[in-house]
Each structure stands twice: as C-alpha cells, then as structure tokens.
Amino acid sequence: MTVPAALPDDARQHELATRLAAVRERVDAACRGAGRDPAAVTLVVVTKTHPADDVVRLAGLGVRDVGESRDQEAAAKVAAVRAALGAGAAAPTWHFIGRLQTNKARSVAGYAELVHSVDRPGLVAALGAGARAAGREVGCLVQVSLDGDPARGGVLPEAVPELADRIAAEAGLRLRGIMAVAPMGIDPHAAFAPLPGLRDRLLTRHAGADVVSAGMSGDLEAALRRGATHLRVGTAILGARPPLR
Ligand SMILES: *Cc1c(COP(=O)(O)O)cnc(C)c1O
C-alpha cells in the first residue's frame with residue numbers, strides 16, 4: 001500500500017494501531033468460533049466526534065472503511081481527508097450510519113458509498129435524487145428495528161420488504177442489505193437472533209443484497225455469530241467520545 005508522506009507518526013498513531021490490532025484480534029477469534037472467514041467481514045471504523053487527522057492516521061494503518069453519523073461533521077471531514085490523502089489508494093470509503101434528515105440526503109449522497117440507516121420512503125427518494133445529481137451510485141441498507149419501537153430508528157421487520165423494493169426501484173441507489181443496532185439492555189445474542197432470517201428473506205427477493213451491518217464495540221462477537229458482514233466499531237478503536245449534544 002502506498003502511504004502518503006504526510007501521514008502522522010505520533011503517540012496517537014501508536015494508540016490507534018494498538019487498539020485496532022486488538023479489535024482485529026477479537027474479530028478473528030469470533031470468526032474462528034463461528035466458522036466464518038474474517039476476510040469476508042468489513043470493519044467500519046466509526047470516527048464520529050474524532051478529528052479528520054484520526055481518519056488520516058487510520059488510513060495509514062490500512063483502514064479502508066470509515067463511518068460517520070452526522071452530515072455536517074462528515075462532510076467537513078471528507079473534505080479534510082481528501083485534502084490530506086488525495087483520491088489515491090489510501091483514500092477511505094465513507095459509510096453513513098446515523099439518523100439522516102431528508103434535507104441532508106443530497107449532501108450524504110455526494111460522498112457516502114453505503115448509507116446504513118435508510119428507514120423511510122421519503123429518504124429513499126431524496127437519496128436517489130442526490131445520487132443522480134452527483135452522478136454516483138449509492139448503496140443502501142434498510143435499518144431494521146429489533147425492539148419493536150421504530151421511534152428509536154429502523155422499520156419493523158415486517159416492513160423491510162416494502163422499503164427494500166423502493167430502494168431497488170430508485171435510480172441511483174443500490175439495495176445492499178440490512179442494518180441493525182442492538183437495543184439497550186437486551187442480550188445481544190438474543191437481539192440479533194432475527195438477523196439471519198431477515199437476510200435470507202431479503203435475498204429471496206433481491207439477489208446480492210447480502211450485507212448485514214450489525215455489531216459495535218460491545219457486541220461485535222454476538223453480531224458475527226448472527227451473520228454480520230459489516231461491523232461498526234468506534235469506541236474500542238478511537239477511545240471514548242465526548243457526550244453527544
Ligand atoms: C456510534 C455508533 C456506532 C459505534 O459505536 P461504538 O460503541 O463506539 O463502537 C455504531 N453504530 C452506530 C449506528 C453508531 O451511531
């Protein structure tokens with residue numbers, strides 16, 4: 001891999017390297033335990049609230065996939081990282097993982113490779129318009145609510161097929177699969193149990209929509225047991241975040 005000369009090599013770089021290696025160890029061990037190939041798992045490093053310099057450091061450590069959850073912060077970071085790294089081999093792929101307001105969809109469609117948090121038809125239309133305006137194809141996951149309370153994000157499991165069909169029919173978007181967040185206070189193994197069935201049902205309608213985005217710092221092992229293909233890990237790699245306002 002070509003590493004730009006501008007990459008920092010400092011105490012923070014070493015801290016990130018150590019934490020990243022520990023998470024990769026956890027992923028490898030969990031994959032071994034579940035009989036899965038770690039090479040088939042994408043580690044999305046969630047950099048929200050952390051500076052663009054950390055994304056540049058992570059790129060230097062071989063991180064290809066970066067996740068953000070607020071458009072304003074993400075858009076600025078995308079521009080700063082692009083200025084530091086250019087569009088070459090070290091440039092990361094951006095994932096949008098947070099609740100997305102419709103009026104921010106156009107901006108997100110300009111930089112995100114995969115939007116994990118698609119949860120309503122109006123957002124599908126807005127992302128599609130943004131993707132077409134940018135001349136890009138934007139991948140989308142249907143966010144599924146696992147606690148039966150869509151107020152906390154995601155659609156009920158029975159509503160997944162209809163929203164998936166809308167994404168698949170929207171020019172500029174590509175349906176890639178499903179995403180879920182384990183509800184607080186519930187055993188993640190139990191919470192993630194419906195995921196394989198939801199994935200299989202989606203695949204009968206949409207061949208190739210095989211992404212399962214699930215698992216964060218505290219529950220990635222449970223998610224890998226339930227078929228996660230994409231992990232979204234922040235704290236375990238970057239350290240504690242300042243509380244979100
Ligand atoms: C912040 C966030 C993560 C990362 O959580 P950690 O516990 O810091 O690993 C994952 N997914 C979503 C949707 C998030 O908002």
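Given the conditions (1) touching a residue at least 40 places away in the same chain (Cβ under 8 Å); (2) within 16 Å of the ligand (Cβ to nearest atom); (3) more than 23 Å from D165 (Cα to Cα), which single one is not true for D71? It fails just one condition, (1).
Inspect the stretch 154-166 for any residue being within 19 Å of the chain's Cα centre (by Cα) and within 18 Å of L231 (Cβ to Cβ) and give the result as yes or no. Give the steps one after another, and end with the answer.
Residues of the stretch 154-166 that are within 19 Å of the chain's Cα centre (by Cα), as a first pass: 154-155, 160, 163-164.
Within this subset, residues satisfying the condition of being within 18 Å of L231 (Cβ to Cβ) are 154.
Scanning the stretch 154-166, I find at least one residue that is within 19 Å of the chain's Cα centre (by Cα) and within 18 Å of L231 (Cβ to Cβ), so the answer is yes.
When residues in the stretch 148-163 are screened for being surrounded by 16 or more Cβ atoms within 10 Å (Cβ to Cβ) and within 16 Å of the ligand (Cβ to nearest atom), 3 of them pass.
Any chance the stretch 193-212 includes a residue that's within 9 Å of the ligand (Cβ to nearest atom) and at negative phi?
Checked the stretch 193-212: no residue is within 9 Å of the ligand (Cβ to nearest atom) and at negative phi.
Within the stretch 74-129, if we keep just the residues that are of a type in the set (F, W, Y) and under 20 Å from E170 (Cα atoms), the residue that is nearest to the ligand (Cβ to nearest atom) turns out to be F96.
Taking the criterion of being in contact (Cβ under 8 Å) with a residue 40 or more places away in the chain, more than 16 Å from the ligand (Cβ to nearest atom) and in a loop (DSSP other than H, G, I, E, B), the residues of the stretch 39-68 that qualify are L61, G62. The numbered conditions (1) within 12 Å of the ligand (Cβ to nearest atom); (2) surrounded by 20 or more Cβ atoms within 10 Å (Cβ to Cβ) are all true for M216 except (2).
Do we find a residue being among the polar types (S, T, N, Q) and under 15 Å from the mean Cα position of the chain (by Cα) anywhere in the stretch 188-211? Within the stretch 188-211, none of the residues are among the polar types (S, T, N, Q) and under 15 Å from the mean Cα position of the chain (by Cα). Cβ-Cβ distances below 6 Å connect the following pairs, each with a first residue in the stretch 98-124 that is under 23 Å from D210 (Cβ atoms), a second residue that is among the hydroxyl-bearing types (S, T, Y) and more than 13 Å from the ligand (Cβ to nearest atom), and a separation of six or more residues or different chains: E113/T93; L123/T102.
It is to be established whether one or more residues within the stretch 79-92 are closer than 16 Å to C140 by Cβ, out of contact with any Cys (no Cβ under 7 Å at 6 or more places or on another chain) and surrounded by 19 or more Cβ atoms within 10 Å (Cβ to Cβ).
No: zero hits.
For a quick check of your reading of the model, give me the residue pairs whose first member lies in the stretch 185-207 and is in contact (Cβ under 8 Å) with a residue 24 or more places away in the chain and over 17 Å from R166 (Cβ atoms), whose second is in a helix (DSSP H, G or I) and among the charged types (D, E, K, R), with beta-carbon atoms closer than 7 Å and at least 6 apart or on different chains. Once the first residue is in contact (Cβ under 8 Å) with a residue 24 or more places away in the chain and over 17 Å from R166 (Cβ atoms) and sits in the stretch 185-207, its partners that are in a helix (DSSP H, G or I) and among the charged types (D, E, K, R) give H189/R225.
When restricted to residues that are within 20 Å of L141 (Cα to Cα), within 8 Å of the ligand (Cβ to nearest atom) and of a type outside the set (K, R), the stretch 221-245 contains 2.
Just so you know, all these numbers are worked out from the coordinates, no wet-lab data involved. Note that the coordinates shown come from a computational prediction; the quantities given were computed from them, not determined experimentally. Reconstructed Cβ throughout: ideal geometry from the backbone, glycine too, with neighbour counts over all protein chains shown.
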